[in-house]
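The values are calculated or read from the model by the stated rules, or taken from the named source; none is laboratory data. All figures in this text were calculated on a predicted structure; none of them were measured in a lab. When we count neighbours, we look across all protein chains shown, and the Cβ atoms used for this are built from the backbone with ideal geometry, even at glycine.
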């Protein structure tokens, strides 16, 4: 039975899809239209009671929260595909967890605000909160300054190996350099720029961009 | 060598401390005063470059982000103290799911309420009443989903206490205590029973006694 991933058009489900591709796990997708509010349908809420994307169904097993789903598959299929997405030792896993949490608590909130304001409001002709965009961009810039320092000493965030921590940044950073037209935030920072080129050119991410 | 935990007076470090007690891991603490801005000192930023609390030092190994630290110790000391990650990979998946729910759904509104109600006046700032009201509404909706879940499951990830439940202890303690919003818990029958269960664990009572 093949893993079913809901909402592939959106960023957080892509976090799961790129991980499944890295781990060579077969999957299929089910569209969920946020503009039509399909995430608030009773059938969807039975699977994900907060109405967020994604959720996966793997036989009897249902799981939500993209960063939980990628941890689950990286652990369950440890010896298949890219094997060190969680590092090779308990300490390396600890550093992967640290940078996954940094992404979730420091990187994600401002970039998510920018995504909502610039891509969903402004592009749909709704008034965007320019103050909020400016504030969020400043916050994100400060976070990227810390990343610049880290990546000047370490090839990837958790160490010398590509991990879930780097992977977790792919979908929203793609929005940043693409439709949000803020590639300068990455290019102005030499080591962040090299890191972005490295991780976004992985075959798995190129596949995601091709498919969805 | 004993684990050193920075900032025990505050909520997120307590998330780590209660986990270390559950896992029977010895530790010591080092104070960090946020009002004095000690988290912005160069020496602190060398350990935690975002200036957040906590950070731990365990011999040569430095780690930050409380939810990363508790995952690390729960895994490293799997065979000691309380099992906090479930017994199977699927159970661990559910622990991770509810840890993420806490981080992304529960934490943001309760954190806003904490900053406004408990810290704004300490920092000489005026309380944003609209933000408090909005955050309380958001938190209420999240607690309604928890009420549904806990009516079918003793703990969040299943019939076992886990990191997912533990992660809620420090800020919920602020909610029912100094924030004076215990009704948010008590108005929800299963959330109320769950809160009584997890907050009466000897590990949490020890944290409240010590810090």
### Query
Of the residues that sit in the stretch B:185-195 and are crowded, with 20+ Cβ neighbours inside 10 Å and touching a residue at least 24 places away in the same chain (Cβ under 8 Å), which one is farthest from residue B:145 (Cα to Cα)?
B:194
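Please verify whether residue A:140 is away from every other protein chain (no Cβ under 12 Å) and either surrounded by fewer than 20 Cβ atoms within 10 Å (Cβ to Cβ) or not in a helix (DSSP H, G or I) (or both), treating the condition exactly as stated.
Details: away from every other protein chain (no Cβ under 12 Å): yes; either surrounded by fewer than 20 Cβ atoms within 10 Å (Cβ to Cβ) or not in a helix (DSSP H, G or I) (or both): no.
Against the criterion (away from every other protein chain (no Cβ under 12 Å) and either surrounded by fewer than 20 Cβ atoms within 10 Å (Cβ to Cβ) or not in a helix (DSSP H, G or I) (or both)), residue A:140 does not qualify.
Name the residue, out of A:158, A:165, that is within 14 Å of chain B (Cβ to nearest Cβ), assigned to a helix (DSSP H, G or I) and buried (at least 17 other Cβ atoms within 10 Å of the Cβ).
Numbers: A:158 fails: assigned to a helix (DSSP H, G or I).
Matching residue, one of A:158, A:165: A:165.
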### Query
Among the residues of the stretch A:113-131, which ones are touching a helix residue (DSSP H, G or I) at 6+ places or on another chain (Cβ under 6 Å) and either in a helix (DSSP H, G or I) or within 10 Å of another protein chain (Cβ to nearest Cβ) (or both)?
A:113, A:114, A:115, A:117
### Query
If we only count helices (runs of 4 or more DSSP H) wholly inside the stretch B:1-88, which ones have 2 or more residues that are more than 10 Å from chain A (Cβ to nearest Cβ)?
B:11-22, B:42-47
### Summary
Among B:50, B:27, B:61, the single one that is in contact with a strand residue (DSSP E or B) (Cβ under 7 Å, 6 or more places away or on another chain), modelled with pLDDT of 95 or more and not assigned by TED's automatic domain parsing to the domain that holds residue B:123 is B:27
### Residue in the stretch A:36-44 that is loosely packed, with under 15 Cβ neighbours inside 10 Å, within 16 Å of residue A:8 (Cβ to Cβ) and not assigned by TED's automatic domain parsing to the domain that holds residue A:158 present
yes
### Task
Say whether the condition of being at pLDDT 95 or above, surrounded by 21 or more Cβ atoms within 10 Å (Cβ to Cβ) and part of a loop (DSSP other than H, G, I, E, B) is met by at least one residue in the stretch B:93-112.
no
